[in-house]
Structure formats: structure tokens, C-alpha cells
Amino acid sequence: MKNSISVLAIDDGSFKPKSRGKTVLIGVVFRIDGRIDGILKEDVGIDALDSTKQIIKMCNKSKFKDQIKYILLDGIAVAGFNVVDVETLFKKTGKPVINVFRKMPRLNLIEVALNNFKDKPKRLSLIKKAEDIYSFKNIFFQCHGITPNKAKILLKKTIFYSGLPEPIRIAHLIASAVTTGESTRP
């Protein structure tokens, strides 16, 4: 895997619990040699189901589209339970998707939280169809359009300073600063 390969790492901005409205999605176009080539932004509904559409728009309308080879997500959902359809995201962008988790997702607790949504079956099916969960170092991940072994190689090349891939860490710092005025710890 060449060091000039770029990923699009995405994280959402902060929002208050039980709030409605929108928050930002920040995308960082990051070369795996550590260079940031661009920053992208879209708005996404809190607890809505527009994240997939917005990420597709972010990637496909960007001047960086041809440069981006992979999409890294901080989890399977953004802005609360705005669940990303990774299969559709992969099909519509042509970019393999890797969802990174700091902790092993606990599906039983997620199912309980989804009881607050009338469309629980749809959200749950999007979560379940996101493939198997794998571990690497101190993180967990799912991958679509890329093998777990190749995903591990990419993750290894992007984890520099913390347990998280650096592009996701940077996306988090920017997204939190945009929404709260100051970056928070990833």
C-alpha cells in the first residue's frame, strides 16, 4: 500500500442529547503518509436517516473524489442514531468503507436504545448488514469492499499517536471545534 494513498475520514460534530436539528459532518482527506490534502463539510440531521446521502454527496461532489481510495467512519452511526448504509455508500462512491469503533459495539444495548424510534427495524437492519466486527490493536472495525487483512494494513499505516486512526482523530478535533468553539478529546 503506497504512502500517497488518500482516505476520507468522517466524524460528526457535537450536539446536545435529545436535541433536534442538524450537526456537521467533517471529512478529512488524509494521505496515509500524514499529509492533509483537504477538509470537507456537510450537514446531517440528528437522529435522522440522511447520513448515507450526505456522505455520498461529500465524496462524489468533491474535487478530491479521484484521490480518495477509502472511507473511514467513526462508527456506523453519526449524529445520534443516523445510521450509515455502508453497502449503499460503497456502491455509490466506489470507495471501500471501514467503520472504526473504540469499544466493541453492544448490540443488545443498541437495540434497547432503538426502541425510541418508530423505524427501529430499518435502523437495526442497516447496523446488522454492516458485516462482521474485527479487532486490531485496541480498536474494532467493520469493512465493506475491502478484506479484513487489507483493512488492517490501512489501519496500521494510519495509527500514529493514539489508538485511533489519525485521520479520524483529526476529523473529530475539527468537528468538535466547529460545533463547540473548541476541540474536544477524541
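The values are calculated or read from the model by the stated rules, or taken from the named source; none is laboratory data. Values in this document were obtained by computation on a predicted structure and should not be read as measured data. As a convention, Cβ positions derive from the backbone with ideal geometry for all residues, glycine included, and neighbour counts pool all protein chains shown.
Some points to look at:
- Residues in region 89-116 that are touching a residue at least 24 places away in the same chain (Cβ under 8 Å) and surrounded by fewer than 16 Cβ atoms within 10 Å (Cβ to Cβ) were compared, and the one that is farthest from Lys16 (Cα to Cα) is Met104.
- Some residue of region 148-158 being in contact with a Leu (Cβ under 6 Å, 6 or more places away or on another chain) and in contact (Cβ under 8 Å) with a residue 12 or more places away in the chain: no
- Within region 41-88, the only residue that satisfies the criterion of being among the aliphatic types (A, V, I, L, M), surrounded by fewer than 22 Cβ atoms within 10 Å (Cβ to Cβ) and over 25 Å from Asn116 (Cα atoms) is Ile56.
- Within region 138-163, being within 17 Å of Arg102 (Cα to Cα) and in contact with a helix residue (DSSP H, G or I) (Cβ under 8 Å, 6 or more places away or on another chain) holds for Ile139, Phe141, Gln142, Cys143, Thr158, Ile159, Phe160, Tyr161, Ser162.
- Scope region 21-36; condition more than 13 Å from the chain's Cα centre (by Cα) and either under 21 Å from Ile146 (Cβ atoms) or in contact (Cβ under 8 Å) with a residue 40 or more places away in the chain (or both); matching residues: Lys22, Thr23, Phe30, Arg31, Ile32, Asp33, Gly34, Ile36
- Look at (1) at pLDDT 95 or above; (2) over 12 Å from the mean Cα position of the chain (by Cα) and you find that Lys18 fails only one, number (1).
- Within region 115-122, the presence of a residue that is of a type in the set (D, E, K, R) and touching a Lys or Arg at 6+ places or on another chain (Cβ under 8 Å) is excluded.
- Ser4 being closer than 28 Å to Lys156 by Cβ, surrounded by fewer than 23 Cβ atoms within 10 Å (Cβ to Cβ) and polar (S, T, N, Q): yes
- The set of residues in region 153-177 being surrounded by fewer than 17 Cβ atoms within 10 Å (Cβ to Cβ) and in a helix (DSSP H, G or I) consists of Ile153, Lys156, Ala177.
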